[in-house]
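This report refers to the structure that appears directly beneath it.
The values are calculated or read from the model by the stated rules, or taken from the named source; none is laboratory data. Everything numeric in this text was worked out from a predicted model, so none of it was measured. Because the Cβ atoms are built from the backbone with ideal geometry, glycine has one as well, and the counts that use them run over all protein chains shown.
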Amino acid sequence: MTDKIKILTLSDHPLSPSGVGTQTKYFIEALLKTGKFKFICLGGAVKHQNYDAQKIAPYEDDWIVIPIDGYGDPQKLRSIIRNEKPDILWFMTDPRFYEWLWFMENEIRPLVPMVYYHVWDNHPAPVFNRPFYLSNDLIVSISKVTHEVVSEAAPEVHNVYHPHAVDPNIFAPKTESEIQSMRSENFPGANPERVTFFWNNRNARRKQSGSLVFWFNEWANKVGRENVRLIMHTDPNDVHGQPLQHLIEHLGSDGTIMISSNKVPPSVLSNMYNIADCTINISDAEGFGLATLESLSCGTPILVNMTGGLQEQVTDGENWFGVGIEPASKAIIGSQQVPYIYEDRISKEDFHAALDRIYAMSREERRELGLKGRQHVETNYSFQQYCEGWVDIMTKVYEEHGSWDTRNGYESWEIRELA
């Protein structure tokens, strides 16, 4: 036992630009700033130049990242746990990546508690995940949908709702003069009243990137191509998506639909949200949707499918901070690993009607709508509450569950009555 609580994390590399990586970084920094924690991180889900352990400045020995392929493996984890003797194991991302980890529960949980920061996209409750849920000391749910389905599938597991957050000092509204200056710089000579839509997502099947290109292109023909533009911030050649540049060229490349493929720092991404009049996400499944939260934090309204975590961002139940589209179909789809889940698809007609609503607003009306969204973010997704919440959660886990010689609240055996 050290003088600081040592946490072992499994997730995307905490310095990577992915949503999982960003939230892991926020989580780690919040705890490190208390001076009571230290971290060993298995940083996965990116291609590494080398696999040497990295000390992250300015924390040095209190924050060490060990690059790994994927999200790790049993042999690597056994070695780290035995050599580093962490007090808590914290892990995050889709449960499909962690079946191997839960199969090791009988090796891990007698020594340290397991805390899972969980995302699930939709109903029905995934009862097939129940054995995995039961293998954790605590599940922290990133959305209301996630919290609901976990509570239904495994009500006896401690499950708390603690949504994502973004840094409000980075993702913040610019002044009108700053926005106009950035628009002039990025689109010299363009119609200053041209309505700009922004899409920041991975180019993957569930993100509906192909539908977006075709549907937006058709809508642009209706309202006048010189009056609107769509910027897609993504990898156009992602192996899990469609060849977006090919689609755009097929439809006629005239600048109405543009690709932004370079990785940019958060400050530049914030500028992109501010330049936009509206941010779009029409995924058929979305556990949370970090880009739309970033957009709202910048004061830019959103246009979203009413699915997963998106539906709790676009409205607080009374007020709206953009346009929400109810799915036109809810099909039960599945695979060998995920037997069933709803896939929420919107229709082209409803999408066009939503674009019409945003387009018909004045710039001042869109601005007012976006600034209400900023207040929604500050109230319900406060970055301060996110950080303080994680400090409280992890402190309680350490105090209530202990580790190694002080481990309690877990039995590696159970008594069953045989018929």
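Below, the figures for the structure above:
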{"quantity": "Residue count, the stretch 346-368 (criterion: closer than 27 Å to residue 146 by Cα and surrounded by 18 or more Cβ atoms within 10 Å (Cβ to Cβ))", "calculated": "3"}
{"quantity": "Flag for residue 146 being among the polar types (S, T, N, Q) and farther than 26 Å from residue 28 by Cβ", "calculated": "no"}
{"quantity": "Helices (runs of 4 or more DSSP H) fully within the stretch 143-231 counting 2 or more residues that are at pLDDT below 95", "calculated": "176-186"}
{"quantity": "Residue, surrounded by the most Cβ atoms within 10 Å (Cβ to Cβ), within the stretch 42-56, restricted to residues that are of a type in the set (S, T, N, Q) and in contact (Cβ under 8 Å) with a residue 12 or more places away in the chain", "calculated": "54"}
{"quantity": "Residue, surrounded by the most Cβ atoms within 10 Å (Cβ to Cβ), within the stretch 116-152, restricted to residues that are over 15 Å from the mean Cα position of the chain (by Cα), under 17 Å from residue 341 (Cα atoms) and in contact (Cβ under 8 Å) with a residue 60 or more places away in the chain", "calculated": "126"}
{"quantity": "So residue 106, is it assigned to a helix (DSSP H, G or I) and among the polar types (S, T, N, Q)", "calculated": "yes"}
{"quantity": "Candidate set: the stretch 57-85, residues that are in a loop (DSSP other than H, G, I, E, B) and at pLDDT below 85; chosen: the one surrounded by the most Cβ atoms within 10 Å (Cβ to Cβ)", "calculated": "71"}
{"quantity": "Residues satisfying the stated conditions in the stretch 1-19, i.e. surrounded by fewer than 21 Cβ atoms within 10 Å (Cβ to Cβ) and in contact (Cβ under 8 Å) with a residue 12 or more places away in the chain", "calculated": "1, 2, 4, 6, 15, 16, 17, 18"}
{"quantity": "Single residue of the stretch 86-103 satisfying the filter (part of a loop (DSSP other than H, G, I, E, B) and modelled with pLDDT of 95 or more) that is surrounded by the most Cβ atoms within 10 Å (Cβ to Cβ)", "calculated": "87"}
{"quantity": "Residues being assigned to a helix (DSSP H, G or I) and within 21 Å of residue 164 (Cα to Cα) - total across the stretch 109-137", "calculated": "1"}
{"quantity": "The stretch 262-283, subset assigned to a loop (DSSP other than H, G, I, E, B) and closer than 25 Å to residue 221 by Cα, residue nearest to the chain's Cα centre (by Cα)", "calculated": "283"}
{"quantity": "The stretch 310-327 residues that are in contact (Cβ under 8 Å) with a residue 12 or more places away in the chain and outside any helix (DSSP H, G or I), paired with ones that are surrounded by fewer than 18 Cβ atoms within 10 Å (Cβ to Cβ) and aliphatic (A, V, I, L, M) (beta carbon under 8 Å, 6 or more apart)", "calculated": "324/306; 325/306; 326/306; 327/306"}
{"quantity": "Candidates 342, 410, 381, filtered to the one that is at pLDDT below 95 and hydroxyl-bearing (Ser, Thr, Tyr)", "calculated": "410"}
{"quantity": "Test result for residue 140, touching a strand residue (DSSP E or B) at 6+ places or on another chain (Cβ under 7 Å), part of a loop (DSSP other than H, G, I, E, B), under 30 Å from residue 401 (Cβ atoms) and not assigned by TED's automatic domain parsing to the domain that holds residue 309", "calculated": "no"}
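Residues checked against (1) under 25 Å from residue 266 (Cα atoms); (2) touching a Pro at 6+ places or on another chain (Cβ under 7 Å); (3) buried (at least 21 other Cβ atoms within 10 Å of the Cβ):
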site: 186; (1), (2), (3): yes, no, no
site: 223; (1), (2), (3): no, no, no
site: 227; (1), (2), (3): no, no, no
site: 245; (1), (2), (3): yes, yes, no
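To keep it simple, each residue is scored yes or no on (1) touching a residue at least 60 places away in the same chain (Cβ under 8 Å); (2) in the same structural domain as residue 92 (by TED's automatic domain parsing); (3) among the β-branched types (Val, Ile, Thr).
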{"residue": "25", "(1), (2), (3)": "no, yes, no"}
{"residue": "30", "(1), (2), (3)": "yes, yes, no"}
{"residue": "36", "(1), (2), (3)": "yes, yes, no"}
{"residue": "40", "(1), (2), (3)": "no, yes, yes"}
{"residue": "58", "(1), (2), (3)": "no, yes, no"}
{"residue": "69", "(1), (2), (3)": "no, yes, no"}
